[in-house]
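The values are calculated or read from the model by the stated rules, or taken from the named source; none is laboratory data. For clarity, every value in this text was computed on a predicted model and none was experimentally measured. Note that each Cβ is placed from the backbone with ideal geometry, even for glycine, and that neighbours are counted across all protein chains shown. What goes into the accessible areas is simple: the full protein's heavy atoms, side chains included, and nothing from ligands, DNA or RNA. Shrake-Rupley method; radii C 1.70, N 1.55, O 1.52, S 1.80 Å.
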Amino acid sequence: MEKALYLLAELSDRDFDWLLTAGEMQSVPVGKALICEGETINAVYLVMTGRLSVTVKALANREIARLSSGEVVGEMSFLDDRAPSATVTALDDSLVWAINRSKLALKLSQDKAFAANFYHALAVWLSHRLRGTISRLGYSYGYGKDLPDGSEAQDDASDSRPKANPKARPSTPDNLAIARIRLDWLLSRMKDTH
């Protein structure tokens, strides 16, 4: 659920309202592929209910991840304008909130504040995910750990660079609380209409 929280924490109330009006709910029956590896997609999806499996052909269609409520899917293809690198298939009857790629691209080109918030949220999330991947591969760079180039990593607390305003960071408790409320509200709205 973290990815959606990062996104929803960054958006203003006006941006969140746009997300609600621009998107539409779609049903994804069990066994159906929401995204097929190598095939162009025309939306970014927020998983509302259900579970989805992520598989990759290069690994003999082995499952590499499971997604559930609150996950964002299709953002990588949206960002780099390339076909998806994995297949996402419903393990349960699922509901997703689909935001049309063209609508989203137009909004991002016309609304610079929305674009800044949207791209910042995705950048923070992708950084978080990359750190998690690196950690799972056995590389945990922290205080006193050697980096591959032989230098020593520093603890984040020792970083003396100026910090951004905490109100602007999606990881602050206040912003994440608002994001959780938004996601819960969106989930309840979708359940009521479906």
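Expressed in nm to one decimal, what extension gain is obtained for the pair residue 79 and residue 185 from 0.36 nm per residue of sequence separation less their Cα-Cα distance? The partial results should precede the final answer.
Values: separation 106, 0.36 × 106 = 38.16 nm, distance 2.68 nm.
This chain segment gains 35.5 nm when fully extended.
Between the DSSP loop rule and a limit of at most 14 other Cβ atoms within 10 Å, which trypsin sites (Lys or Arg not before Pro) in segment 75-106 are left?
Here the sparse-neighbourhood loop sites are 82.
Taking the solvent-accessible surface of protein heavy atoms with a 1.4 Å probe, what is the per residue accessible area of segment 11-110 in Å²?
Accessible area per residue, segment 11-110: 49 Å².
Check each of the trypsin sites (Lys or Arg not before Pro) in segment 1-78 and keep only those in coil by DSSP with at most 14 other C-beta atoms within 10 angstrom; list them in order. Let's see the in-between values first.
Details: sites: 3, 14, 32, 51, 57, 62, 66; in loops: 32, 51.
Sparse-neighbourhood loop trypsin sites (Lys or Arg not before Pro): 32.
What residues qualify as long-range amide H neighbours of residue 35, i.e. H under 5 Å apart, gap of 5 or more or another chain, H built at 1.01 Å from N?
Here the answer is 88, since their amide H atoms fall under 5 Å of that of residue 35.
At a threshold of 8 angstrom on Cα-Cα distance, excluding pairs fewer than six apart, so keeping six or more, what relative contact order does segment 1-140 reach in percent?
34 percent
Give a quick list of GluC sites (Glu not before Pro) in segment 1-92 that DSSP marks as loop, anything other than H, G, I, E or B, with at most 14 other Cβ atoms within 10 Å.
Those that pass, being in a loop and sparsely packed, are 39.
Efficiency by 1/(1 + (r/R0)^6): what FRET value for residue 42 and residue 113, r their Cβ-Cβ distance, R0 = 22 Å, to the nearest 0.05? Spell out each step's value before the answer.
Values: r = 25 Å, r/R0 = 1.14.
The value I calculate is 0.30.
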